[in-house]
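A.B. asks: Could you have a look at this structure, given as structure tokens, before my questions?
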Amino acid sequence: MLRPLQQEPRGLLKTLRKHSPSVFVVLAILLVWQAAVSIFSIPEYVLPSPITSLGHLFIRQTDAFYNWKVQIGTTVSEVLISFAVTAAAGIILAILIAWSQWLRNLIMPFFIFVNSLPLIAIAPIILLWFGYGLFTNILIAFLVSFFPVIINTTTGLSEVDDDLIDLVRYLKASKWQIFIKIRIPNSLPYIFSGLKIASTMCVVGAIVGEFVASDRGLGYIIINSQFTMDTPPIFAALIVVSLLGVALFAVVSLAERIVMPWHQVETMAV
Amino acid sequence: MRASAVSITKSIIRFFVKHYTKLISLAAFLVLWQLVITVFGIKEFIIPSPLATFSTLFVPDIAQRYNWLLHIRTTISEVLISFVVTAATGVFVALLMTWSRALRRVITPVLTLLNSLPKIAFAPLFLIWFGYGVVPNVIIAVLIAFFPVVINTATGLNAVEEDLLDLVHYLHASKLQVFLKIRIPNSLPYIFSGFKISTTLCVVGAIVGEFVASARGLGYLLKDAQAMIDSPPMFASLILVSVFGLSLFGAISILERVAMPWQVRDEVS
């Protein structure tokens with residue numbers, strides 16, 4: 001009983017120590033930012049101070065005007081839904097593709113090709129087809145984040161040690177067993193690195209969809225305030241968007257550590 | 001004169017022979033696309049046929065409506081400038097990080113933090129700060145394409161065999177020599193794979209910058225045509241944008257082969 005109790009704070013301390021430089025950097029940036037704005041008296045429309053920006057989210061008057069709850073709710077649901085769809089569709093389709101070598105050889109080059117295209121440029125066409133709204137932005141986010149997941153997962157399912165496959169074939173393992181016991185565990189690191197890319201791309205897709213056309217969401221606030229040169233809400237929205245991206249990334253990293261406790265994660269993965 | 005003409009014809013023939021499967025599948029795709037549109041009578045504003053799409057580019061009467069040259073030139077220059085800036089600053093920052101431990105301690109957490117942000121959301125801010133035009137779009141493109149180059153280059157500079165470093169230390173190699181003779185050549189494959197990732201990101205950055213606010217460029221044309229529900233030029237712009245991305249990617253691949261003739265290339269990136 002004592003053991004887990006001891007390990008818990010040790011793990012927590014380790015996490016803190018690992019992330020302390022980043023936390024320190026964030027605090028330093030906020031301090032320098034606030035100091036610079038106060039000392040050089042930078043006009044608010046050029047660079048609002050962090051206090052002004054953050055305050056924007058919590059002051060009741062501005063909240064009535066910008067309706068932050070609706071904006072944040074819209075973007076968060078777009079990001080979460082598109083991420084869930086991307087993860088599910090990407091992983092399931094990858095399993096289907098990897099099941100047959102023939103299918104994989106046929107489709108993978110096409111996916112790699114599509115992934116190298118600037119997919120986000122398709123956003124206006126999606127808008128043209130589906131009109132604006134939640135669904136369109138989810139679709140755009142899905143399109144830009146789907147390919148990293150399916151390519152990574154398929155690669156992970158296929159890049160298995162040949163000797164291992166030979167060995168279990170020799171032991172009369174079925175194709176199903178090879179999948180469950182070897183290919184899928186082998187693909188986990190690839191899946192998680194795909195999901196990490198997708199976590200950022202979903203935010204990017206949702207925001208760009210809102211940039212191109214929408215009537216709500218944080219991207220809408222950003223683009224609308226740009227027209228009126230109203231900078232504080234832009235910063236407030238950017239802070240929330242960044243937190244959203246970092247939080248989703250952190251959740252995926254946490255899930256990775258829980259699912260693969262044996263796997264050491266490098267900190268500087270793209 | 002004749003010799004060069006012959007060699008050009010020869011290399012054109014060689015290109016067709018080498019890539020004939022791809023060319024055939026491309027042609028088949030275009031024919032199928034045209035057939036589907038004609039047979040099912042799909043309306044042009046939903047999906048234009050390849051004929052309608054390409055005629056917006058090549059039929060002079062229609063093409064002059066869209067001022068293609070201006071838009072193409074704008075987007076190409078944004079992409080090229082941002083790529084050159086990205087490549088130069090990215091490699092430079094990675095060299096600094098590897099050269100000095102103190103700088104690495106300072107730069108790494110900043111990079112990790114910035115890398116995890118959805119940087120494209122910051123685009124409207126640059127438009128407020130720099131007005132619209134080529135400059136903010138280049139800055140946006142650099143901002144999103146910069147990190148893969150830095151991270152890849154730094155990884156390559158550090159992924160050096162320890163034994164090799166021990167050996168040259170033993171032989172009293174200077175830090176500069178270690179960089180020039182070992183670390184930099186070792187990092188070339190990593191640098192080029194970073195460059196390849198950033199080619200697409202430069203195109204993405206330039207296009208999104210143009211979406212957000214601009215008066216020219218293919219991103220502007222895409223958004224403008226969307227407002228008019230005029231889809232053939234949208235498809236034509238998408239094709240052009242993809243071709244830019246792929247050509248830049250191809251150019252980097254050629255450069256890679258020239259810079260590292262010894263490298264046996266494997267084509268999964």
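A.B. asks: Over the range B:2-42, consider all pairs of different Cα atoms and compute the Kirkwood hydrodynamic radius from their mean reciprocal separation; express it in Å, one decimal.
C.D. replies: 12.3 Å
A.B. asks: Relative to the first principal axis of the alpha-carbon coordinates of chain A, what is the inclination of helix A:101-115, with its axis defined by its Cα atoms, in degrees from 0 to 90 and to the nearest 10?
C.D. replies: 20 degrees
A.B. asks: A further question follows. Translational D (Stokes-Einstein, µm²/s) of the range A:132-270 at 4 °C and 1.567 mPa s when Rh comes from the Kirkwood sum over C-alpha pairs?
C.D. replies: 74 µm²/s
A.B. asks: Take peptide B:125-133, look around each residue's Cβ out to 10 angstrom, count Cβ atoms belonging to other protein chains, and average those counts.
C.D. replies: Average per residue, whole number: 3.
A.B. asks: Between B:A145, B:A227, B:A52, find the one with the highest GNM mean-square fluctuation for chain B; connect C-alpha pairs within less than 10 Å.
C.D. replies: Most flexible of the set in this elastic network: B:A227.
A.B. asks: When a/c reaches 1.5 or more, the comparison of a/b and b/c decides; with that in mind, is chain B rounded, prolate or oblate per its Cα gyration tensor?
C.D. replies: oblate
A.B. asks: Follow-up. Whole-Hz Karplus ³J(HN,Hα) for the range B:53-70, in order, using 6.51 cos²θ - 1.76 cosθ + 1.60 and θ = phi - 60°, x for Gly and Pro?
C.D. replies: Per-residue couplings from phi come out as 4, 6, 6, 5, 8, 10, 7, x, 4, 7, 4, 5, 5, 9, 6, 3, 4, 4 Hz.
A.B. asks: Using +1 on the beta carbon of Lys and Arg, -1 on that of Asp and Glu, and nothing else charged, what's the dipole of the range B:115-184 about the Cα centre, debye to 20?
C.D. replies: Dipole size: approximately 320 debye.
A.B. asks: Next question, about the same structure. So how strong a dipole does chain A carry about its Cα centre when Lys and Arg Cβ are +1 and Asp and Glu Cβ are -1, to the nearest 20 debye?
C.D. replies: 780 debye
A.B. asks: Here's another thing I want to ask about it. Given the peptides A:67-77, A:160-170, A:184-194, arrange them by the average over their residues of other C-beta atoms within 10 Å, most packed first.
C.D. replies: Output ranking for A:67-77, A:160-170, A:184-194: A:184-194, A:67-77, A:160-170.
A.B. asks: Still on this structure, please answer the following. Which Cα, out of A:L54, A:I126, A:V168, lies furthest along the positive dipole direction of the protein assembly as shown (beta carbon charges, K/R +1, D/E -1)?
C.D. replies: Going by the charge dipole, the pick is A:V168.
A.B. asks: When N is the residue count of the range A:11-158, what does its C-alpha Rg come to as a fraction of 2.2 N^0.38 Å?
C.D. replies: Dividing the Cα Rg of the range A:11-158 by 2.2 N^0.38 Å gives 1.49.
A.B. asks: Per-residue counts of other Cβ atoms within 10 Å, averaged by peptide: what ranking do you get for B:238-249, B:91-102, A:131-142, highest first?
C.D. replies: Most protected by this proxy first, the peptides run A:131-142, B:238-249, B:91-102.
A.B. asks: Please determine, in degrees from 0 to 90 and to the nearest 10, the orientation of helix A:218-227 with respect to the longest principal axis defined by the Cα atoms of chain A, where the helix direction is its Cα long axis.
C.D. replies: 40 degrees
A.B. asks: Which net charge results when you count Lys and Arg as +1 and Asp and Glu as -1 among the other residues whose beta-carbon is under 12 Å from that of A:A94?
C.D. replies: Within the 12 Å Cβ shell, the charges total +2.
A.B. asks: Something else: Give me the base-10 log of I(q)/I(0) for chain A at each q in 0.09, 0.13, 0.16 Å⁻¹, Debye formula, one uniform scatterer per Cα, rounded to two decimals.
C.D. replies: The Debye formula, applied to the Cα set alone, gives -0.56, -1.00, -1.24.
A.B. asks: Sticking with this structure for a sec: Net charge around A:R169, counting only other residues with Cβ within less than 15 Å of its Cβ (Lys, Arg = +1; Asp, Glu = -1)?
C.D. replies: Counting the neighbours of A:R169, the net charge comes to 0.
A.B. asks: Measure nothing but the geometry: give the 0 to 90° angle between the long axis through the Cα atoms of B:101-115 and the longest principal axis through the Cα atoms of chain B, rounded to 10°.
C.D. replies: The answer is roughly 20 degrees.
A.B. asks: A further question follows. As a quick test, which of the pairs B:K18/B:K119; A:K172/B:K22; B:K22/B:K196; B:K18/B:K196; A:K181/B:K119 have an alpha carbon distance above 29 angstrom in this structure?
C.D. replies: In this structure, B:K18/B:K119; A:K172/B:K22; A:K181/B:K119 lie more than 29 Å apart at Cα.
A.B. asks: Would you look at the GNM of chain A, springs on alpha carbons closer than 10 Å, and say which of A:A255, A:A98, A:A213 moves the most?
C.D. replies: A:A255
A.B. asks: Where the only charges are on Cβ atoms (+1 Lys, Arg; -1 Asp, Glu), what is the dipole of the range B:62-259 about its Cα centre, to the nearest 20 debye?
C.D. replies: 260 debye
A.B. asks: Also, quick follow-up: Provide the three semi-axes, in whole Å and in decreasing order, of the ellipsoid equivalent to the protein assembly as shown as defined by the square roots of 5 times the Cα gyration tensor eigenvalues.
C.D. replies: Equivalent-ellipsoid dimensions as semi-axes: 36, 34, 27 Å.
A.B. asks: Could you work out, residue by residue across B:107-116, how many beta carbons of other chains sit within 10 Å of that residue's beta carbon, and then give the average as an integer?
C.D. replies: 6
Read the figures in this text as sums done on the coordinates, not as results from a lab. On a predicted model such as this, the values are computed, not experimentally measured, just so you know. Neighbour counts are summed over all protein chains in view; Cβ atoms, including those assigned to glycine, are modelled from backbone coordinates with ideal geometry.
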